[in-house]
Amino acid sequence: MKRLAILTSGGDCSGMNAVIRSAARTAIANDVEMIGYRKGYAGLLKNDYITLDSKTVSGVLQRGGTFLQSARSQEFRTDEGRKLALDNLLKAKVEGLIVIGGDGSLNGALALDRMGFPVIGIPASIDNDIPYTDMALGVDTALNNIIYAVDCIKDTANSHDRAFIVEVMGRNSGYLASISAIATGAEFAIVPEVEFDLSAMCHQLRQRYDEGRTNALIIMAEGAGQAQEIANSIKDCAGFETRVTVLGHYQRGGAPTVFDRLLGSRYGRKSVELLLNGTKGVMVGLSANSLTTTLLEMVANGGQKKLNDDLLRMADILGI
Ligand code: F6P
């Protein structure tokens, strides 16, 4: 192979730059040129790319986001868009493509694979909802962002006898909510996957208040309901004055943690090695700290990754 390409697609996350840097430098070490499409599949459709030499990717490892930029391309979801993408790859003499992104982006990678083009997928989404990998890129950094914010919130909650509902990202997934609840010592995690009992929660909060505790913390996934409505109910039943904080896109940015820098570097190197060895149509993942490969077809049919029941139970027990 003489020329490979890489792109970042869908919602960005910290650690994407580590993958791009690692993939480019692994390619260069093997005398292969690496190009990077700007703005994901949208850039591929416009032939908008840059050459990623060693200097282009220097100084990016510690930066959040993606310096290639990202987008959610509607045009690429159409048959015409996908045909144009394939034509552009062939015209640019690209022999393999690395796609970094979440479930929608990996589905796009599968579409190119089905058209016969060599593709490798890399799971990147702070939601950690992609099957066949313990960790997607960006999750660890997002969790660290969350615990920093929540620790600050707990200080002010304590000073005022307040309950806080902190809304974290996760449209369909309670991963960030459940793990950050354990890591911040929250009393409750509200997640889309598990029905929650408002009156039981109010009862327990009332008990906390009567025991003279000075704060209560509830971490809620954005897809699990209306935070303000729950806050109003708590105010009426539990004694604590209640506030809502929505962490929003703050969670997705910032310097990647060591974990995400290392994971991104491992994913990037592996994806190039796979293409050079003739492997295609797979997603690189992590299992028990070893890198794995799973057919993109299986990833697409694998559904949303399930929350770990044991960790959910632990969140419940530790929150008492
Ligand atoms: O899928 C990742 C994610 O960060 C979700 O948690 C969140 O709901 C969504 O992206 C936000 O998307 P956008 O940046 O397009 O508003």
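The values are calculated or read from the model by the stated rules, or taken from the named source; none is laboratory data. These numbers were taken from a predicted model, which means no experiment stands behind them. All Cβ positions, glycine included, derive from the backbone under ideal geometry; neighbour counts span all protein chains shown. Note: accessible area is taken over every heavy atom of the protein model, side chains too, but ligands, DNA and RNA are not part of it. Shrake-Rupley method; radii C 1.70, N 1.55, O 1.52, S 1.80 Å.
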If you fit an axis through the alpha-carbon atoms of helix 258-276 and take the longest principal axis of the Cα set of the chain, what angle between them do you get, 0 to 90°, nearest 10? 30 degrees
With just the Cα atoms defining each centre, how far is segment 116-143 from segment 48-76? Give it in Å. 17 Å
For Val139, the net charge from surrounding residues (Cβ-Cβ under 9 Å; K, R +1; D, E -1) works out to -3
Taking a threshold of 28 Å on the Cα-Cα distance, which of the pairs Lys39/Lys280; Lys91/Lys280; Lys39/Lys306; Lys235/Lys306; Lys46/Lys306 fall above it? Lys39/Lys306; Lys235/Lys306; Lys46/Lys306
Compute, for Glu211, the solvent-accessible surface of its heavy atoms (probe 1.4 Å) with the complete set of protein chains present, and express it in square angstrom to the nearest 10. 120 Å²
If a paramagnetic tag sat 7 Å from the Cα of Asp31 along the Cα-Cβ line, which residues of segment 1-18 would have the backbone N under 14 Å from that point? 1-3
By how many nm would the segment from Val258 to Asn47 grow when fully extended, if each residue of separation counts as 0.36 nm and the alpha-carbon distance is taken off? 72.6 nm
Over 17 Å, how big is the tail of the calculated P(r) for segment 38-141, in percent of all Cα pairs? 56 percent
Between Leu89, Leu137, Leu106, which gets the highest mean-square fluctuation from a Gaussian network model of the chain, Cα cutoff 10 Å? Leu89
Leaving out ligands, DNA and RNA, what percent of the accessible area of the chain is carbon and sulfur, probe 1.4 Å? 48 percent
Mind checking the dipole of the chain: about its Cα centre, +1 per Lys or Arg Cβ, -1 per Asp or Glu Cβ, Debye to the nearest 20? 1360 debye
Summed side-chain charge close to Ser54 - residues other than Ser54 whose Cβ falls under 11 Å, Lys, Arg +1, Asp, Glu -1: +2
Separation of the Ile320 and Lys55 label points, Cα + 7 Å toward Cβ, nm: 6.3 nm
Here the alpha-carbon Rg of segment 142-252 over 2.2 N^0.38 Å rounds to 0.97
Using only DSSP helix segments of four residues or longer, with each worth -39500 (n - 2.57), what per-residue ellipticity at 222 nm results for the chain after dividing by its residue count and rounding to 500? -13500 deg cm²/dmol
Using alpha-carbon coordinates, inclination of helix 227-238 to the longest axis of the chain, degrees: 20 degrees
Degrees separating the helix 139-159 axis from the principal Cα axis of the chain, which is the longest one: 20 degrees
Tell me, what is the per residue accessible area of segment 142-252 in Å², probe radius 1.4 Å? 46 Å²
Surrounding net charge for Leu198, when Lys and Arg each add one and Asp and Glu each subtract one, Cβ distance under 13 Å: -2
GNM flexibility winner over the chain from Gly268, Gly223, Gly102 (Cα, springs under 10 Å): Gly223
Dipole-positive endmost among Ala315, Phe117, Leu291 within the chain (Cβ charges, Cα centre): Phe117
Cross-link reach from Lys55 to aspartates and glutamates, straight Cα distance under 19 Å and at least 8 residues apart if same chain, gives Asp31, Glu33
Show Cys202, Cys237 ordered by accessible area, largest first, where the area counts protein heavy atoms only and the probe is 1.4 Å. Cys237, Cys202
Here the cysteines of the chain without any disulfide-compatible Cβ partner under 4.7 Å are Cys13, Cys152
Given a Förster distance of 35 angstrom, what is the FRET efficiency for Ile147 paired with Met115, based on the Cβ-Cβ distance and rounded to 0.05? 0.25
How big is the equivalent ellipsoid of the chain along its three axes, where each semi-axis is √(5λ) from the Cα gyration tensor, reported in whole Å from largest to smallest? 42, 18, 16
